[in-house]
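Trainee: Starting off with a structure, shown below.
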Amino acid sequence: MYKKVKIEYFAVLREQAKINSEELETSSADARELLSELTSKYNFSLNESTLKVAINEEYCEFTTKLNEGDRVVFIPPVAGG
Amino acid sequence: MNTRYERQMILPEVGDTGQEKLRNSKVLVIGAGGLGAPVLQYLAAAGVGHIGICDHDKVDLSNLHRQILFTSKDLGQSKAYVAKKFLNQLNEDCQVSSFEFRINYKNIEEVMSNYDLVIDCTDNFQSKFLIHDACFLFKKKLVQGSIYQFEGQIQCFDFNHSDSSPCLRCLWPEVPTPGCVSNCQEAGVLGIVSGVFGSLQCNEAIKMILEMEVLDQGSTLTLNLKNLSQRIIKWKKSKDCPLCSLGPSIRKISESHKLTEFEVLEKKGHFTEVDLREDPSFDAKEADPNKEYLFFCQRGIRSLHFVKELRELGLKNTYSLFGGVDGK
Ligand SMILES: [Zn+2]
């Protein structure tokens, strides 16, 4: 089942996707499937173990199911100072 | 009214009592670089009574585009020392101490001991987690900041008051590997970006001192200075957190060590103990599969090797005491 989600990229993922955000029709059921869909699209250098995902402004598990209209943000750790 | 501070003391949020709180506050800034520069200047200008500056580094020409405490004349000098001199000239009301060494697990307790609030302006995960864990264990307030190119994030913690709120380890149980995301040196940074995030950190710190509302503990403020998009993202307290849960594995500041599956932190009653210092000749064939064996030695190294060998022989019910007898 396809649903429309809004995705935002943060830090190094933004650099690699070369966009700030996008709206996507996806058949991915959860955040994990969505990340692998996006990784094959953008060749992300980070994977699930070095990233966090937030849906609708809350950090959550990669197994969290996606719903129509969700706002999904992928966030790597940031350490510069 | 003290003329130096009159423009902030007019604010109902400050007044005489707020200015007194600032004068009595003790703030430690770790990292006198891009984030630290505005933090230190605004703390001193606002009349914070005691400021500590910790940085092991020396001023380099490539720092000057963002570390605006320093001038071309300061090249090669200790950052903490130059910053202290700068603050002394800016405001003689502030008592400033400099710590011209790198913060580590041995010195952090002593460095932090005279301060109530810590502002983390460091640029690497090891330091950030060390400072975070120490602030939790020694019950300090903490404002964290970090940047990546045009973006950054800040977090606030009040470990002196909040037992029910999440800590950073609830979100990141383990320190991310340094190689997984590049720092300013590799990724590049515009000077003003560190200026904006340092200023945001200092704003939160000053509000904390004045007991005003600050960013909720357990939330990250992310801000992208390219398109000015901003988010506050929350995380939850984890019952498995290695630091703030009921059975934490991190109970003191020590060299970062990850317990392997072969190790336990303490002797518990149900273990059959084997002291390898007395009897190194344990016979695996005679081991009782219904018992759990705990091996220990002086420092936990020999016993760890021993248990690894036993596990390879198929003895799953064997453990090594981490740190050995010395670690207790
Ligand atoms: Zn925690």
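Trainee: Straight-line reach from residue A:18: which lysines have a Cα under 22 Å away, not including same-chain ones fewer than 8 places off?
Mentor: A:4, A:6, A:41, A:52, B:226
Trainee: Same structure, new question: Per DSSP H run of at least 4 residues, take -39500 (n - 2.57); add these up for the protein assembly as shown, divide by its residues and hand me the 222 nm value, nearest 500 deg cm²/dmol. Walk me through the numbers on the way to the answer.
Mentor: On the way: 12 runs with 111 residues, N = 409.
The helix-only estimate for the protein assembly as shown comes to -7500 deg cm²/dmol at 222 nm.
Trainee: So, one more: Kindly state, to the nearest 0.05, the FRET efficiency for residue B:1 paired with residue B:113, given R0 = 35 Å and r defined as their beta-carbon distance. Don't jump to the answer; show the numbers that get you there.
Mentor: Numbers: r = 34 Å, r/R0 = 0.97.
Once rounded, the FRET efficiency stands at 0.55.
Trainee: Accessible area per residue of segment A:3-75 at 1.4 Å probe, in Å²?
Mentor: On the way: 3390 Å² over 73 residues.
For segment A:3-75, the per-residue accessible area is 47 Å².
Trainee: Another question, then. Starting from the alpha-carbon convex hull of chain B, give the projected area averaged over all orientations, in nm².
Mentor: Numbers: hull surface 80.9 nm².
Average of the hull's projected areas for chain B equals 20.2 nm².
Trainee: Using alpha carbon coordinates only, what is the Rg to Rh ratio of segment A:3-75, with Rh defined as the Kirkwood radius? Walk me through the intermediate numbers first.
Mentor: On the way: Rg = 10.8 Å, Rh = 11.9 Å.
Expressed as Rg/Rh, it is 0.90.
Trainee: Provide the descending list of Cα extents for segment A:37-81 along its principal axes, expressed in whole angstroms.
Mentor: Reported extents, whole Å, longest axis first: 35, 26, 16.
Trainee: Oh, and also: How big, on average over all directions, is the shadow cast by the Cα convex hull of segment B:112-177, in nm²?
Mentor: The directionally averaged projection comes out at 4.6 nm².
Trainee: In whole percent, what relative contact order does chain B give with Cα contacts below 8 Å and a gap of six or more residues?
Mentor: Working: 619 pairs, mean separation 46.5, N = 328.
Relative CO of chain B lands at 14 percent.
Trainee: Measure off 7 Å from each Cα along the Cα-to-Cβ vector at residue B:311 and residue A:22, then give the distance between these two points in nanometres to one decimal.
Mentor: 4.2
Trainee: As I understand it, the value is the acute angle between the Cα axis of helix B:125-137 and the longest principal axis of the Cα atoms of chain B; what does it come to in degrees, rounded to 10?
Mentor: Between the helix axis and the principal axis of chain B, the angle is about 90 degrees.
Trainee: Further question: Just tell me the longest site-free run in chain A, where the sites are GluC sites (Glu not before Pro) in a DSSP loop having at most 16 other beta-carbon atoms within 10 Å. Don't jump to the answer; show the numbers that get you there.
Mentor: Details: sites that count: A:57, A:61, A:68.
Excluding the exposed sites themselves, the longest stretch runs over A:1-56.
Trainee: In µm²/s, what is D for segment B:113-247 at 10 °C and 1.306 mPa s, where D = kT/(6 pi eta Rh) by Stokes-Einstein and Rh is the Kirkwood radius from Cα pairs? Spell out each step's value before the answer.
Mentor: Values: Rh = 15.4 Å.
My calculation gives 103 µm²/s for D.
Trainee: Another question, then. Can you tell me which of B:266, B:211, B:110 moves the most in a GNM of chain B? Springs connect C-alpha atoms under 10 Å apart.
Mentor: B:266
Trainee: Could you pull out every one of the lysines with an alpha carbon less than 16 Å from that of residue B:207, ignoring same-chain neighbours closer than 8 positions?
Mentor: Here the lysines satisfying the reach criterion relative to residue B:207 are B:21, B:26, B:140, B:141.
Trainee: For segment B:89-150, which whole-number percentage of the solvent-accessible area (1.4 Å probe, protein heavy atoms only) is attributable to carbon and sulfur atoms?
Mentor: On the way: 1180 of 2700 Å².
C and S atoms contribute 44 percent here.
Trainee: Please state, rounded to one decimal and in Å, the Kirkwood hydrodynamic radius that segment B:1-151 gives when every pair of distinct Cα atoms enters the mean of 1/r.
Mentor: Details: mean 1/r = 0.0628 Å⁻¹.
Its Kirkwood hydrodynamic radius stands at 15.9 Å.
Trainee: Now for a separate question. Over its Cα atoms, what ratio of radius of gyration to 2.2 N^0.38 Å does the protein assembly as shown give? Walk me through the numbers on the way to the answer.
Mentor: Working: Rg = 24.5 Å, N = 409, 2.2 N^0.38 = 21.6 Å.
So the protein assembly as shown has a normalised radius of gyration of 1.13.
The values are calculated or read from the model by the stated rules, or taken from the named source; none is laboratory data. Small disclaimer: the values here were computed from a predicted structure and weren't measured. Note: ideal-geometry Cβ built from the backbone for every residue, glycine included; neighbour counts use all protein chains shown. In case anyone asks, the SASA skips ligands and DNA or RNA and just uses the protein heavy atoms, side chains included. Shrake-Rupley method; radii C 1.70, N 1.55, O 1.52, S 1.80 Å.
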